[in-house]
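**Student:** Below is the structure I would like to discuss, written out as structure tokens.
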Amino acid sequence: MDEMLTSLRQFIDTYDWSDEKKGASLDPSAIMLGVDNVMSIPEIRKHHKYIMATTRTKEWNEKIAKSNRKPKNEKGRLACIENGKKAASVWKGKKHTDEAKRKIGLASKGRVYSEEVKERLYKYYIIEGKEYRGAKEVLKDFSITRQTLYNRVKNEKFPNWIEK
């Protein structure tokens with residue numbers, strides 16, 4: 001581990017950063033102080049990822065995974081809920097750009113789901129003694145809309161329409 005950190009420090013000290021700084025925007029406070037070797041945020045992120053990927057050991061990752069698997073107490077659970085709300089509020093009122101939508105579509109194109117995943121995704125319906133996999137099969141056999149299917153499953157007047 002010490003050898004890896006030493007070699008990493010040598011790499012950072014001897015690496016020629018001048019090529020990467022050409023497009024870097026300097027921090028105004030660094031300019032006032034006369035500092036000229038400031039990296040831009042994307043450069044910092046790139047090098048931080050490199051350092052984190054090379055310095056974490058298997059034991060460290062297992063320790064973090066074990067810590068994350070522990071059941072949360074009430075305070076931890078509330079913190080998770082609060083963080084989720086904060087993350088959701090960041091996107092409130094915003095939309096993906098057309099370019100982002102295109103990239104998402106390309107990334108998911110050709111994705112093949114295993115049978116296990118498909119089983120979890122489908123809802124099963126038992127209607128008049130026959131089992132259907134997914135709403136599409138029911139809609140096709142009975143020529144009804146999706147909303148009608150949902151209403152019949154909820155309605156007590158249709159006891160033979162059951163969602164499994």
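Rule-based calculations on the coordinates, nothing more; no lab input. Just so you know, these numbers come straight off a predicted model, no measurement behind them. Methodologically, a virtual Cβ is constructed for each residue, glycine included, from the backbone with ideal geometry; neighbour enumeration extends over all protein chains shown.
**Student:** Assigning unit charges at the beta carbon (Lys, Arg +1; Asp, Glu -1) and nothing else, what dipole magnitude in debye, to the nearest 20, does segment 116-163 show about its Cα centre?
**Tutor:** The calculated dipole for segment 116-163 is roughly 200 debye.
**Student:** Going toward the positive end of the dipole of segment 72-127, with +1 on Lys and Arg Cβ and -1 on Asp and Glu Cβ, which of S114, N73, A87 do you reach last?
**Tutor:** Checked the options; the winner is A87.
**Student:** Okay, moving on. Note down the nm distance, to one decimal, between modelled labels 7 Å out along Cα→Cβ at R77 and at R56.
**Tutor:** Label-label distance for R77 and R56, simple model: 2.8 nm.
**Student:** Also: Grab the beta carbon distance between A107 and A87, set R0 = 30 Å, and tell me the FRET efficiency rounded to 0.05.
**Tutor:** 0.90
**Student:** Take the alpha-carbon positions of segment 90-149, form their convex hull, and give its projected area averaged over all directions (one quarter of the hull surface) in nm².
**Tutor:** 7.2
**Student:** Among K136/K164; K136/K157; K86/K154; K140/K164; K95/K118, which pairs are too far apart, with a Cα-Cα distance over 27 Å?
**Tutor:** Beyond 27 Å between Cα atoms: K86/K154; K95/K118.
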